[in-house]
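For reference, the structure is listed below as structure tokens.
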Ligand SMILES: Cc1ncc(COP(=O)(O)O)c(C=O)c1O
């Protein structure tokens, strides 16, 4: 990475430099997508995708209730209405039944979120979208390299959006993102919009409105170094997940999320449902083990969306997930001992609890 950074320093092509185009080509090739457009963040990619698809005021976009707020912020940024729906109980992912129930004459798009690194069951959603003339924008911010029936996450819908936030499966040295699509016109529009409305080669000519949301060359150069390692890093995450699954199986008060058999989960996060989360958190803290909560407030309960969204409740799954999800340490290179220690801390919670007092 230092060598790549020095190359950019020598070259001075900090904005729209050579590494940007190279990375875009390499990421598109890796995914099997025709086009990749680097953006300043995953949020920018999602916002530009909807904008370029013509989604705006009066339009509804279906969004799962348990995702990072950025998915829905991309909708409100276009003055459209996010319609929040509950998710499937076994995977916490968007399902076709909720999509069908939420669709109205105003619905213009569906945003499946490949949460935690597992791809949504896309076939029924794509079929329904085709029948109803809806766009599908995949939020693949947590799913670099994940697969569904042989296709990479982000390449199944009309557009797929990635985040390169530093903690992601491949991360930049700060914020970064990308949009991928097989639609040449959509790619051209997003490429123009991300550069203040200027088409490549037509600087200072603005035929359409845009914004300043280009992926910086330095980040692209670093991402080029990391991309060839992505598959191995994802394998390491998958092995760690398999170890967690084996060791956590049958631990009272803990429920594992389902890993579907039709794809390749890349475990951006390893989240479990815990009956007594506060006690589990205390036990992990006591052992000096880091953890996360993704996410403590579901989107239908976020003040920011009040008055500018629709909530197709009730939300038993998303509400339960918000109060019981716990993300355990997960990163390439995590050791067997680190996983055993984490599971040990969680087991101590269940052994403290009176027998028979396990509620879920
Ligand atoms: C599911 C999801 N969507 C969107 C984003 C937004 O990406 P960024 O932080 O790069 O704007 C993220 C990550 O931060 C995310 O996890």
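Since every read-out is calculated from the coordinates, none of them should be taken as a lab result. This structure is a prediction, so every number in the text was calculated from the model and none was measured. Positions of Cβ are generated from backbone atoms using ideal geometry, with glycine treated the same way; all protein chains shown enter the neighbour counts.
The distance separating the Cα centre of region 139-157 from that of region 253-272 comes to 15 Å. From most to least packed by mean Cβ count within 10 Å, the peptides 260-270, 238-248, 106-116 give 106-116, 260-270, 238-248. Take the Cβ-Cβ distance between residue 304 and residue 167 as r, set R0 to 22 Å, and report the resulting FRET efficiency rounded to the nearest 0.05. Calculated value: 0.50. Select from 286, 88, 21 the residue whose mean-square fluctuation is largest in a Gaussian network model of the chain (Cα-Cα springs shorter than 10 Å). Of 286, 88, 21, the Gaussian network model singles out 286 as fluctuating most. Quick one: grab the alpha carbon gyration tensor of the chain, order the square roots of its eigenvalues as a ≥ b ≥ c, and give me rounded if a/c is under 1.5, else prolate or oblate depending on whether a/b is larger than b/c. In terms of gyration-tensor shape, oblate.
Spin-label model, residue 258/residue 182: points 7 Å from Cα along the beta carbon direction are separated by 2.7 nm.
Helix content alone sets the calculated 222 nm mean residue ellipticity of the chain: runs of n ≥ 4 DSSP H residues at -39500 (n - 2.57) each, divided across all residues, give -11500 deg cm²/dmol. Classify region 88-178 as rounded, prolate or oblate, taking a ≥ b ≥ c as the square roots of the eigenvalues of its Cα gyration tensor: rounded when a/c is under 1.5, otherwise prolate if a/b is larger than b/c and oblate if not. Prolate, because a/c is 1.5 or more and a/b exceeds b/c.
What the Cβ-Cβ distance of residue 297 and residue 205 gives, at R0 = 51 Å and to the nearest 0.05, is a FRET efficiency of 0.70. The GNM of the chain, with springs linking C-alpha atoms under 10 angstrom apart, assigns the highest mean-square fluctuation among 283, 306, 41 to 306.
Between residue 245 and residue 335, the C-beta separation translates, for a Förster distance of 22 Å, into a calculated FRET efficiency of about 0.85. Taking a point 7 Å out from the Cα of residue 231 in the direction of its Cβ, the residues of region 157-178 whose backbone N falls within less than 17 Å of it are 170. The angle between the Cα long axis of helix 42-52 and the longest principal axis of the Cα atoms of the chain comes to about 50 degrees, rounded to the nearest 10. With the simple spin-label model, which puts each label point 7 Å out from Cα in the Cβ direction, the residue 12 to residue 149 separation comes to 5.2 nm. Put in order of Cβ neighbour count within 10 Å, fewest first, the listed residues 301, 127 become 127, 301.
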